[in-house]
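Peer 1: Okay, here's the structure, questions in a sec.
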Amino acid sequence: LETDCQKAGIQYGKAREMYEGMTVEVGHEIFSFTAPEVVSEGEGFFAMKEIEGHHFLDLPEEGREDQHKKRTLAMAIVTMELSHILHASFDNDRHGGNVKVKDHQIGHLDFKAMSLETWTQEGFSQLAKILFRVIPKVKSSSGVMGLILAEEKAFRDHGVEIQPLVNEAVKALLSLGEYLRCLGSEDLQRVLLSALSHGMHDQLFSAILQEC
């Protein structure tokens, strides 16, 4: 159940568009994504189907097989989330408690933090500057957030107001920490290339071209 029913309807509708029917291939494994289907809504109430599976946080990682499975799942999840950020259509709270896994199906839930703002051109320009400077420097999953936060700080040090798109994108990236810790440097390079290969929002692409 959700409390802000009108807003929740928009958020969950957007989430279904983002995840339902999407797939990511990691090696020879294909992972499908889903989000809750709204089953009933009205004045003062909003209900959706339950997502089945185990929370990513609760998945075991004692043995090599468990670690490999969790790493592969993490690669699929991070690839999808990076692609969403590049397309400027994302949720900033995709931590491991908001993701359930059942076999090769990855279900996302709880979208109360999803921003419904319309992004500005200045926001795309700021995000483009950060990505243009950070991506070539990325060496490990543990260092990527430090690079992004340093670029964000540089804007503030020059008296530049951080745009909502950048704020939300940084929150979204921070929420991926539980997955990033499962990835090695080569894994991170693979997911970055995979996400980039699926393109990006036209305004972000144009802004990046201006940085070249």
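Peer 1: Quickly run through the range 11-27 and pick out the residues that are open to solvent by less than 10 Å² (accessible area, probe 1.4 Å), at pLDDT 95 or above and of a type outside the set (A, V, I, L, M, F, W, C).
Peer 2: Within the range 11-27, Y19 is the sole residue that qualifies.
Peer 1: Which residue pairs have Cβ atoms under 6 Å apart, sit 6 or more places apart or on different chains, and have a first residue in the range 167-195 that is under 17 Å from G96 (Cβ atoms) and a second that is in a helix (DSSP H, G or I) and of a type in the set (D, E)?
Peer 2: As it stands, the answer is L176/E81, since those pairs meet every condition given.
Peer 1: All but one of (1) modelled with pLDDT of 95 or more; (2) of a type in the set (A, V, I, L, M, F, W, C); (3) not in a helix (DSSP H, G or I) hold for V166; which doesn't?
Peer 2: Checking V166 against (1) modelled with pLDDT of 95 or more; (2) of a type in the set (A, V, I, L, M, F, W, C); (3) not in a helix (DSSP H, G or I), the one that fails is (3).
Peer 1: Just for the range 84-120: of the residues that are out of contact with any Ser or Thr (no Cβ under 8 Å at 6 or more places or on another chain), open to solvent by 20 Å² or more (accessible area, probe 1.4 Å) and part of a strand (DSSP E or B), which one is farthest from A150 (Cα to Cα)?
Peer 2: Across the range 84-120, the extreme among qualifying residues is K102.
For every residue, the table says whether it meets (1) assigned to a helix (DSSP H, G or I); (2) under 18 Å from E117 (Cβ atoms).
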| site | (1), (2) |
| --- | --- |
| Y179 | yes, no |
| C182 | no, no |
| D187 | yes, no |
| V191 | yes, no |
| A195 | yes, no |
| Q203 | yes, yes |
| S206 | yes, no |
| Q210 | yes, no |
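Peer 1: For the range 68-83, give me each residue that is surrounded by fewer than 21 Cβ atoms within 10 Å (Cβ to Cβ) and either free of Cβ contacts under 8 Å to residues at least 12 places away in the same chain or touching a Lys or Arg at 6+ places or on another chain (Cβ under 9 Å) (or both).
Peer 2: Hits for the range 68-83 are H68, K69.
Peer 1: Among the residues of the range 57-76, are any more than 30 Å from A207 (Cα to Cα), among the aliphatic types (A, V, I, L, M) and part of a loop (DSSP other than H, G, I, E, B)?
Peer 2: Checked the range 57-76: at least one residue is more than 30 Å from A207 (Cα to Cα), among the aliphatic types (A, V, I, L, M) and part of a loop (DSSP other than H, G, I, E, B).
Peer 1: Here is a follow-up. Are any of the residues in the range 42-60 within 23 Å of S185 (Cβ to Cβ), out of contact with any Ser or Thr (no Cβ under 9 Å at 6 or more places or on another chain), of a type in the set (A, V, I, L, M) and open to solvent by less than 10 Å² (accessible area, probe 1.4 Å)? Can you show your working first?
Peer 2: Looking only at the range 42-60, we keep the residues that are within 23 Å of S185 (Cβ to Cβ), and these are 56, 59.
Of the ones still in play, those that are also out of contact with any Ser or Thr (no Cβ under 9 Å at 6 or more places or on another chain) are 56, 59.
If we keep only those that are of a type in the set (A, V, I, L, M) too, we end up with 59.
Of the ones still in play, those that are also open to solvent by less than 10 Å² (accessible area, probe 1.4 Å) are none.
Within the range 42-60, not a single residue is within 23 Å of S185 (Cβ to Cβ), out of contact with any Ser or Thr (no Cβ under 9 Å at 6 or more places or on another chain), of a type in the set (A, V, I, L, M) and open to solvent by less than 10 Å² (accessible area, probe 1.4 Å).
Peer 1: Restricting the range 121-146 to residues that are within 18 Å of the chain's Cα centre (by Cα) and open to solvent by 50 Å² or more (accessible area, probe 1.4 Å), which is nearest to L193 (Cα to Cα)?
Peer 2: So, considering only residues that are within 18 Å of the chain's Cα centre (by Cα) and open to solvent by 50 Å² or more (accessible area, probe 1.4 Å), the one nearest to L193 (Cα to Cα) is I135.
The rows are residues; the columns are (1) aromatic (F, W, Y); (2) in contact with a helix residue (DSSP H, G or I) (Cβ under 8 Å, 6 or more places away or on another chain); (3) under 21 Å from H28 (Cβ atoms).
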site	(1), (2), (3)
K49	no, no, no
E52	no, no, no
D91	no, yes, no
V101	no, yes, yes
L116	no, yes, no
F132	yes, yes, no
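Peer 1: Give me a count of the residues in the range 43-63 that are modelled with pLDDT of 95 or more and of a type in the set (K, R).
Peer 2: Residues meeting the conditions: 0.
Peer 1: Residue check: is R156 surrounded by 13 or more Cβ atoms within 10 Å (Cβ to Cβ) and out of contact with any Gly (no Cβ under 6 Å at 6 or more places or on another chain)?
Peer 2: The answer is no for R156.
The values are calculated or read from the model by the stated rules, or taken from the named source; none is laboratory data. Here the structure is a predicted model, which means the values were calculated and not measured. Glycine also receives a Cβ, built like all others from the backbone with ideal geometry; neighbour counts cover every protein chain displayed. Protein only, heavy atoms only, side chains kept; ligands, DNA and RNA dropped before computing areas. Shrake-Rupley method; radii C 1.70, N 1.55, O 1.52, S 1.80 Å.
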